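Down below is the structure, laid out as structure tokens.
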Amino acid sequence: MSSKDDKLIESLEGLTETFKDFSERSVMVRSGRNLGIFFLRGVMYGLGILFAIAIVIPVLVWFFQWIEWVPLIGDFVSDILQRMEGAALY
């Protein structure tokens, strides 16, 4: 083999090592970034559930209490509201 071939092989081996190092580092960086993204995603999921429980459900219950033309649902919701008001007094 000529010296040009040896230099080419040496250059390719060096390039291969560089890519191996780069891929290992990028996986570590992406893992940390993914951890942060998953953490924020979980926080937002928890806040969404809290929002639904604290605001949306009471608004829906309040809205459904006005449905008196459906006796079963209207009575059921009215009963729930009376129990909630009774529990709030204690």
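One table, with the values for the structure above:
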quantity	calculated
Matching option when the condition is at pLDDT below 75 and out of contact with any strand residue (DSSP E or B) (no Cβ under 8 Å at 6 or more places or on another chain), among ARG41, ARG33	ARG33
Residue within segment 3-23 that is at pLDDT 80 or above, among the small types (Gly, Ala, Ser), surrounded by 10 or more Cβ atoms within 10 Å (Cβ to Cβ) and closer than 30 Å to LEU81 by Cβ present	no
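The values are calculated or read from the model by the stated rules, or taken from the named source; none is laboratory data. Keep in mind it's a predicted model, so treat the numbers as computed, not measured. All Cβ positions, even for glycine, are placed from backbone atoms using ideal geometry, and neighbour counts span all protein chains on display.
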